[in-house]
Structures are given as structure tokens and as C-alpha cells.
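These notes concern the structure reproduced below.
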Amino acid sequence: MGEAAKVSLGVDQNYVNVTSSRQSGVVYTNSTGKPILVSVSVVSEQNKSPNTLLVNGIEVASCGVSPVAGVYSTSRGTLVAVVGNGKTYQISGSGTIISWSELR
């Protein structure tokens, strides 16, 4: 296998459920030596801040609740991003994290 393949996303990586070791508002750093894929399922609630996924402080995905015909509800969504080696990532917002998986 060539050197580029060794550090490519998905090569010799598996999905890992890290829900129990992750929480909103905490900054994590990818120190695996290769890119990872982060996938977080969240429930957003009415009148609360949307959930956002930030990579190196930049918002790359967001999920919130908007009124439909003036009625608010809850909404479930999945925030997904590729995080390069050495980059930081975090979830912010007031929703509930249902599951957090990483391809690493």
C-alpha cells in the first residue's frame, strides 16, 4: 500500500461509537495521524440555540428548529464533517446528543 493510502480517510479505519466519552461544549483534537469522519445525531428543541459542529472553530454543520405555521417542535438531525489530523472539533448548542460516532 502506498504512503498516500495509509493516511487516507477510510483506509484501515472503523466506525467507533464514542457517545459515552463525548459531550457538547468540549473541544477535541484529532491526533490519529489521519483524517477522521465525525457523525453526531442530535435533537434540537424549540426556543433553544441550534446545535452546530465546528472544525477548527469554523461552523461546518448546523441543526435547529424553525417554526412551521407559527408552531415550534423538536427536530432530530445528524451533523457530519471530516476532521483533518491535528484539527479540533466540537459540538455546541443546547440540544441533546443521541449518538456520536467517529470513523477512526
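Take the stretch 12-31 and flag every residue that is in a loop (DSSP other than H, G, I, E, B) and of a type in the set (Gly, Ala, Ser). Reasoning before the result, please.
Start the filter on the stretch 12-31 by keeping residues that are in a loop (DSSP other than H, G, I, E, B), which leaves 12-14, 18, 22-27, 30-31.
24, 25, 31, listed by residue number.
Report whether or not residue 37 is of a type outside the set (Asp, Glu) and either within 17 Å of residue 98 (Cβ to Cβ) or surrounded by 15 or more Cβ atoms within 10 Å (Cβ to Cβ) (or both). It is true that residue 37 is of a type outside the set (Asp, Glu) and either within 17 Å of residue 98 (Cβ to Cβ) or surrounded by 15 or more Cβ atoms within 10 Å (Cβ to Cβ) (or both). Hey, does the stretch 2-15 have a residue that's touching a residue at least 24 places away in the same chain (Cβ under 8 Å) and in contact with a Ser or Thr (Cβ under 6 Å, 6 or more places away or on another chain)? Within the stretch 2-15, one or more residues are touching a residue at least 24 places away in the same chain (Cβ under 8 Å) and in contact with a Ser or Thr (Cβ under 6 Å, 6 or more places away or on another chain). The criterion of at least 3 residues that are of a type outside the set (Val, Ile, Thr) and either more than 13 Å from the chain's Cα centre (by Cα) or farther than 30 Å from residue 11 by Cβ (or both) is met by none of the strands (runs of 3 or more DSSP E) wholly inside the stretch 37-104. Among the residues of the stretch 1-28, count how many are exposed (fewer than 13 other Cβ atoms within 10 Å of the Cβ) and either of a type in the set (Lys, Arg) or under 18 Å from residue 60 (Cβ atoms) (or both). Counting residues in the stretch 1-28 that are exposed (fewer than 13 other Cβ atoms within 10 Å of the Cβ) and either of a type in the set (Lys, Arg) or under 18 Å from residue 60 (Cβ atoms) (or both) gives 4.
Laboratory data are not the source of any read-out in this text; all were calculated from the coordinates shown. In this text, all values refer to a predicted model and were calculated from it rather than measured experimentally. When we count neighbours, we look across all protein chains shown, and the Cβ atoms used for this are built from the backbone with ideal geometry, even at glycine.
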